[in-house]
Amino acid sequence: MKHAPWKIEASSSILDTPWLKVRADACTTPSGERIDPYYVVESEDWVHTAVFDEQRRILLIRLYRHGNQAVNLEIPGGNMDPGDPNPETAARRELLEETGYTADQFIPLGDLTPNSARNTNSLHGFAVLGPRKVAEPATDAAEEISCEWVELPELMRRIAAGEFRQALHLAVIFLALQKLGWLDLDTAQGRTSTV
């Protein structure tokens, strides 16, 4: 089987709002199969921050999300704005808006694809060190956010208990712990799971 991009024969806009754009593509696969329509979600890139203090606690936020109609435990982040010159600028802005914190170091963790089957955007993750509170949060009307510092063993307990379920945020936390050397997978090799 040869892997190659599909040929887009035609494309039309289905929905075009400031928050969400959806298009329908008429595609032909490399093997000649016609797929029409194939729906694609277009959105701005996202930024997420795994913020750690000197005690290696992580900064978590809690807020209501209407998509799953529940109060969720997450890490700070959000959409890149068209005026943001780069992902770090957006990450700094989102962290300040949601928590009132800034920080000395924003360490890039790379880019992820939130859902490469349907979404066009990327997620830019950062490990953040040296946080300090400089302002009160400046959230928008749809956000009521509370913040808490959590020790890493407690975070792992909450993940295992299903209290922290945001998959993309878990990916950023994993990458941050790996980048900072706080997740030793070499030591974990050969261990027998008790689960």
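Every number in this text was worked out from the coordinates using simple rules, so none of it is lab data. All of these numbers come straight from a predicted model, not from anything done at the bench. In this analysis, Cβ positions are derived from the backbone assuming ideal geometry, glycine residues included, and neighbour counts consider all displayed protein chains.
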Explain nothing, just the number: relative contact order of segment 46-179, from Cα pairs under 8 Å at least 6 residues apart, as a whole percent. 33
A convex hull over the alpha carbons of the chain yields, per residue, a volume in Å³ of 179
Over what distance in Å are the Cα centres of segment 6-38 and segment 113-133 separated? 25
Can you list residues from other chains, or at least 5 along the same chain, whose modelled amide H is less than 5 Å from the amide H of residue 165? 73
Under 10 Å, Cα contacts only: if you run a Gaussian network model on the chain, which one of 12, 122, 31 comes out with the highest mean-square fluctuation? 31
Using modelled amide H (1.01 Å from N, peptide plane; none on Pro or chain starts), what sits under 5 Å from the amide H of residue 51, excluding residues fewer than 5 places away? 59, 128
Using only Cα atoms, tell me the angle between helix 167-179 and the longest principal axis of the chain; keep it within 0 to 90° and round to the nearest 10. 60
Mind pulling the angle between the C-alpha long axis of helix 87-99 and the longest principal axis of the chain? Nearest 10 degrees, somewhere in 0 to 90. 50
Stokes-Einstein at 4 °C, 1.567 mPa s, Kirkwood radius from Cα pairs: D for segment 110-152 in µm² s⁻¹? 91
Quick one: order 48, 3 by neighbouring beta-carbon count within 10 Å, fewest to most. 3, 48
How large is ³J(HN,Hα), in whole Hz, for each residue of segment 110-124 in order, when computed from phi with the Karplus curve 6.51 cos²θ - 1.76 cosθ + 1.60 and θ = phi - 60°, using x for Gly and Pro? x, 10, 10, 9, x, 7, 5, 6, 10, 9, 8, 8, 10, 10, 9
How far is it, in nm, from the label point at residue 7 to the one at residue 178 when both lie 7 Å from their Cα along the line to the Cβ? 3.8
